[in-house]
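**Student:** Okay, handing you the structure first.
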Amino acid sequence: MRILIVEDEERLSQALVEIFKRNRYSVDAVYTGTDGLNYASSNIYDAIVLDIMLPGMDGLTVLKHLREEKNQVPVILLTAKDEIDDKVKGLDCGADDYLTKPYSTEELLARVRALTRRRGEIQDTTLTRGDLSLNKSSCMLISEKGEEIKLSLKEFQILELLFENPGQIISKERLLEKIWGGDSEAEFNNVEVYISFIRKKIKQLKTRTKIDTTRGLGYSLIEGK
C-alpha cells in the first residue's frame, strides 16, 4: 500500500515517512501543495496525508482539484487550527477525515487503516487465490497445506497488488510506480528480479497458483489446475 505525505515541515514529514515504512507502507513525501497535486494526480496512492497550510497551494485547494478530477483517493487533512470552520471546509471539499496538530502517530496510523478498510483493503487479514494465500499482517505466503514462507517487503507489496487484482495483467510500469515510486531510479530489471524471487518462493510451496507473464504487457496471478 502506498501513502503520499504532503507536509511542509520537513522534519515532521521525514518522521512520518519512517513511521509508515516501519508499518510496511510504501511512502512518498513532498513539501508543497503544487507538488502534492502533481503526485496525487498520478493515481498510484491508496491514501494521502495532506496538511492544510502549504506553500504554493494550500491543502484545501489541492483537495478541491483532486475531487474535481474525480480522484477519490482517501485524504486525511492535517491542520494546526482547532476550529470548527476549518474542519467543515475540509469535509465539504471532500476530505475523508482530519487530525488537529499535535496528534499522536498511533492515531494517524489508525485513521489510515480505517480509511483503507472502507475501500475494501482490509489490513491484518489473509487474501486467498486458488491454493495460495497471502497473510497481510505477517507478510507470509501460505500454501493450501499450511506451509509458510516469509516475504521481503517488496515481494509482499508486489504480491499484494497481484492478489488484489486476480487475473488482471499488471504492467511493469505500474509496478514501478506503485512499489518503487514515481521518482525512483529503479528500472524494469528490478521488477524482473523480484518477480523471479517470488516465483522461487511459490515453487517451494508447490502450489498450482502461479505468476504468469504476458510478454510485452506484464504479470498476472493465475490459478492453475
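**Student:** Which aspartates and glutamates, on any chain, are close to Lys89 with Cα under 20 Å apart, when same-chain ones fewer than 8 places away are left out?
**Tutor:** Leaving aside aspartates and glutamates fewer than 8 places away in the same chain, those within reach of Lys89 are Glu7, Asp51, Asp58, Glu68, Glu69, Asp97.
**Student:** May I ask you to list the chymotrypsin sites (Phe, Trp or Tyr not before Pro) in region 85-174 that are in a DSSP loop and have at most 15 other Cβ atoms within 10 Å of their Cβ?
**Tutor:** Loop-located and lightly packed - Tyr103.
**Student:** Sort the following peptides by mean Cβ neighbour count (other Cβ atoms within 10 Å, averaged over residues), highest first: 47-53, 196-202. Working shown, then result.
**Tutor:** Working: 47-53: 24.1, 196-202: 15.0.
Taking the mean over residues of other Cβ atoms within 10 Å, the ranking is 47-53, 196-202.
**Student:** A further question follows. Taking a ≥ b ≥ c as the square roots of the Cα gyration tensor eigenvalues, with a/c under 1.5 meaning rounded and otherwise prolate when a/b beats b/c, else oblate, which class fits region 109-206?
**Tutor:** oblate
**Student:** For a quick check of your reading of the filter: which GluC sites (Glu not before Pro) in region 131-172 sit in a DSSP loop and have no more than 13 other Cβ atoms within 10 Å?
**Tutor:** Within region 131-172, the qualifying GluC sites (Glu not before Pro) (loop, at most 13 other Cβ atoms within 10 Å) are Glu147.
**Student:** With a 1.4 Å probe and every protein chain kept in, tell me what percent of the accessible surface of the chain is carbon plus sulfur.
**Tutor:** Heavy-atom surface of the chain belonging to carbon and sulfur, 1.4 Å probe: 46 percent.
**Student:** Next question. Rounded, prolate or oblate for region 1-124? Axes are the square roots of the Cα gyration tensor eigenvalues, ordered a ≥ b ≥ c, and the cut-off for rounded is a/c under 1.5.
**Tutor:** Verdict is rounded for region 1-124.
**Student:** Moving to a separate point now. Can you list the lysines whose alpha carbon is less than 20 Å from that of Lys150, not counting same-chain residues fewer than 8 positions off?
**Tutor:** Within the straight-line cut-off, Lys150 pairs with Lys21, Lys136, Lys200, Lys201, Lys203, Lys206, Lys210.
**Student:** List the trypsin sites (Lys or Arg not before Pro) in region 28-93 that DSSP assigns to loop (not H, G, I, E or B) and whose Cβ has at most 16 other Cβ atoms within 10 Å. Which are they? Numbers along the way, then the final one.
**Tutor:** Numbers: sites: Lys64, Arg67, Lys70, Lys81, Lys87, Lys89; in loops: Lys70, Lys81.
Listed in order of number, the matching sites are Lys70, Lys81.
**Student:** Bins of 10 Å, beginning at zero and ending with the bin holding the largest distance: percent of Cα pairs per bin for the chain, please.
**Tutor:** 8, 32, 32, 19, 9, 1
The values are calculated or read from the model by the stated rules, or taken from the named source; none is laboratory data. Small disclaimer: the values here were computed from a predicted structure and weren't measured. All Cβ positions, even for glycine, are placed from backbone atoms using ideal geometry, and neighbour counts span all protein chains on display. Side chains included, ligands, DNA and RNA excluded: accessible areas come from the protein's heavy atoms. Shrake-Rupley method; radii C 1.70, N 1.55, O 1.52, S 1.80 Å.
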